[in-house]
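One structure below.
The values are calculated or read from the model by the stated rules, or taken from the named source; none is laboratory data. Everything quoted here is computed from the prediction, not taken from an experiment. Cβ sites come from the backbone with ideal geometry, for glycine too, and all protein chains shown count toward neighbours. These area figures cover heavy atoms from the full protein model, side chains too; ligands, DNA and RNA do not enter into them. Shrake-Rupley method; radii C 1.70, N 1.55, O 1.52, S 1.80 Å.
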Amino acid sequence: MATQAGVQPAVTQPGSEGPPRALLIGLSLGYFMVLLDMTIVSVALPAMADYLDVGLSGLQWVTNGYTITFAALLLTAGWLSDRFGGRRVFLWGLVAFGVLSGVSALATTLPVLVALRLALGAAGALLLPSSLAVITNAYTDPAMRARAVGSWAAITGAALAAGPVVGGVLTDTVGWRAIFLINVPLALASLLITVKMAPETALKQRGGLDLTGQISSVVALAALVYALIEGPDKGWGATGVLIAFALTALAVVTFLVAEVRAGDAAMIPLRMFRSPGFSPAVGAGLLANFGLSGLLFVLSLFFQEGRGYSPVVTGLVFLPLTLPTAFNPIYTGRLVGRIGPRRPATLGFVLMGVGALLQAPFTGNSALALAATVVGLLAFGFGVSFALPSLVAGMSSTVPAEFAGMGAGVLNSARQVGASLGVAVLGIVLNLSSSSADGTRWALVTGGLVLLLGAVVTSTGLRGKAPAAK
C-alpha cells in the first residue's frame, strides 16, 4: 500500500500517551457542525418563509437541499479521503463549510439559498469520513482509538439535542440568518486546531472514482425529491413532474447496471447486500430518518403556525425528544453488547412509532394536547437513542470485514436519503390536508406507521449477536 511521503505523527503533549485532547475536540467540532446544520434549520423555517415569501415546497427545498447532496456524496467523500488524505480533505471541507455558511446568511432569494444548501451538503459530506480517518490515524493504540471514536460518535446526540434549542434562541434574538453564521466560528476553531495538531494520513491505493454510479445516484435522488415536492403544487400529471419520475427510473437502472459491472470497485459493491442482515439494517436506517426528519419538519411548522409558539418555545418543546439522544446511546451500547442489536433496535422503532401515533389525536392547544406532545416526544427520543446505535452495530457485525468502512457509509447515506424522503412525503400529506392541524395529524399517523414498519424489518431481518463471554 502506497503511503504519503513525510507522513507526520500526531502532535503529542509532554508525558502523554497519545494525541492531545484538543485534537479530538477540533475534529469533533467539524462533525458537530455538520450534524447541527441538519436540525438547527427546522425551527427557523417559518421565519424564513415570511422573509423569503415562500410556501411549503420552498421550505422543503431548504431542508432537503442539504440532505440530498450530503447523502449522495458521502461515499465519494470517503474515496477522496483515502485518495488525497483525511487531513487534507477535512481541511477542504472545513473551509468550504465555513465560507458557504457565511454566504448563506446573506441569501435574499429562495433559489440562491437552496443552491447554497446543496453546496453545504457537499461540504458536509467531506467532513464526516475524513474526520474519522484522521482519528483512526492519530490514535494508534486500539483502546485509545475506541474511546476517541466513541466520543466522536457521541456528538450525534449532542448535535440533535442542541439544534432545535439553539436554532430557536438565535432565530428569536438575532434572526434566522444567525443559524448559518454560527457555523463560521465553529469552522474556524476546528480549522485552527486541525491545522496545528492533526497528523497527515496515509494515502491508500484506490481504483478510479465510480463516476457513473455517483452521477446516476445524485440524479435519481434529486429527481425523485423534485417530483415529490413539486407534484402537489404543479400537479402529478405536469410535464416537469412526469419527466422527473421518468428520470428517477432511468437513473436507478443506470446505477444498478454500473454497480454490477464495476464489481468490488463500485461505489456500492452489491456483494455487501448478500450478507444476511445488511439490507435490513440499511433499510431500517432509511425508515428511521424518514420518521425523525419528517417529524421535526412537520412539528416545527405546526408548533409555530398552529399553536403559535415562538421559535424559542418550539426549541424547548423538542427537548423531550432530543435529550434522550444525548445520554441514552451509552446504555444502548452496553445493552447491545449483552443481547445483540435486534431487540434494542426493534424496541427503538416501536417507541418511535408509538410516540408519533400518540400525538396524532391531540393537535389542539389544550393542556391535554401539550401533555400528549411531551409524552409522545419523550417516547420518540428514547426510541431514536435505542434504534440508531443498534443499527450501526447490526450493520458492522454482518458486513464483510473488507467493506466495514463502506458499509458504514452506505448506512449513513441511506439514513440521509430517508431524511429527504421523510420531508418530501410528509410534506405531501400536509399539502393534501385542509388545515394545519389536520395535516399534522395525518403526517404523524403516516410517520408512525412507517416507523412501526421499521420495527417489523428489524425484528425479522436484523442480525448480529452479542459477543461471546470470555
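In the range 361-369, is there at least one residue being of a type in the set (A, V, I, L, M) and in contact (Cβ under 8 Å) with a residue 12 or more places away in the chain? Scanning the range 361-369 turns up no residue that is of a type in the set (A, V, I, L, M) and in contact (Cβ under 8 Å) with a residue 12 or more places away in the chain. Between Asp210, Asp233, the distinction of being open to solvent by 30 Å² or more (accessible area, probe 1.4 Å) and either under 22 Å from Thr67 (Cβ atoms) or not aliphatic (A, V, I, L, M) (or both) belongs to Asp233 only. Looking only at residues of the range 270-279 that are open to solvent by less than 30 Å² (accessible area, probe 1.4 Å) and not in a loop (DSSP other than H, G, I, E, B), we find that the one that is modelled with the highest pLDDT is Phe278. I want to confirm something. Restricting to the range 281-302 and keeping residues that are touching a Pro at 6+ places or on another chain (Cβ under 9 Å) and aliphatic (A, V, I, L, M), which single residue is surrounded by the fewest Cβ atoms within 10 Å (Cβ to Cβ)? Result: Leu301.
What about Met267, is it within 24 Å of the chain's Cα centre (by Cα), on the phi < 0 side of the Ramachandran plot, not in a helix (DSSP H, G or I) and not polar (S, T, N, Q)? Yes: the conditions hold for Met267. Return yes or no: is Leu292 closer than 16 Å to Thr63 by Cβ and of a type outside the set (Phe, Trp, Tyr)? Answer is yes for this residue. Among the conditions (1) buried (at least 17 other Cβ atoms within 10 Å of the Cβ); (2) within 28 Å of Val410 (Cβ to Cβ); (3) of a type outside the set (Gly, Ala, Ser), Met197 misses just one, which is (2). When the range 351-370 is limited to residues that are over 27 Å from the mean Cα position of the chain (by Cα) and not in a loop (DSSP other than H, G, I, E, B), the one that is surrounded by the most Cβ atoms within 10 Å (Cβ to Cβ) turns out to be Ala369. Being at pLDDT 85 or above, open to solvent by 10 Å² or more (accessible area, probe 1.4 Å) and not aromatic (Phe, Trp, Tyr) is not true of Thr373. Across the range 197-236, the qualifying residues are those that are more than 24 Å from Arg83 (Cβ to Cβ) and among the charged types (D, E, K, R), and the one among them that is modelled with the lowest pLDDT is Asp233. Close Cβ contacts (under 7 Å, 6 or more residues apart or on different chains) running from residues in the range 258-277 that are within 26 Å of Thr458 (Cα to Cα) to residues that are basic (Lys, Arg) comprise Pro276/Arg463; Gly277/Arg463. Within the range 33-81, being among the charged types (D, E, K, R) and either out of contact with any helix residue (DSSP H, G or I) (no Cβ under 7 Å at 6 or more places or on another chain) or within 16 Å of Ala222 (Cβ to Cβ) (or both) holds for Asp50, Asp53.
Taking the range 299-349 and the helices (runs of 4 or more DSSP H) fully enclosed by it, the elements with 2 or more residues that are closer than 22 Å to Asp438 by Cα are at 311-317. Being closer than 17 Å to Ala281 by Cβ, open to solvent by 20 Å² or more (accessible area, probe 1.4 Å) and charged (D, E, K, R) is the requirement here; does Arg342 meet it? Answer is yes for this residue. Tally up the residues in the range 238-264 that are open to solvent by 60 Å² or more (accessible area, probe 1.4 Å) and in a loop (DSSP other than H, G, I, E, B), please. Qualifying residue count, the range 238-264: 0.
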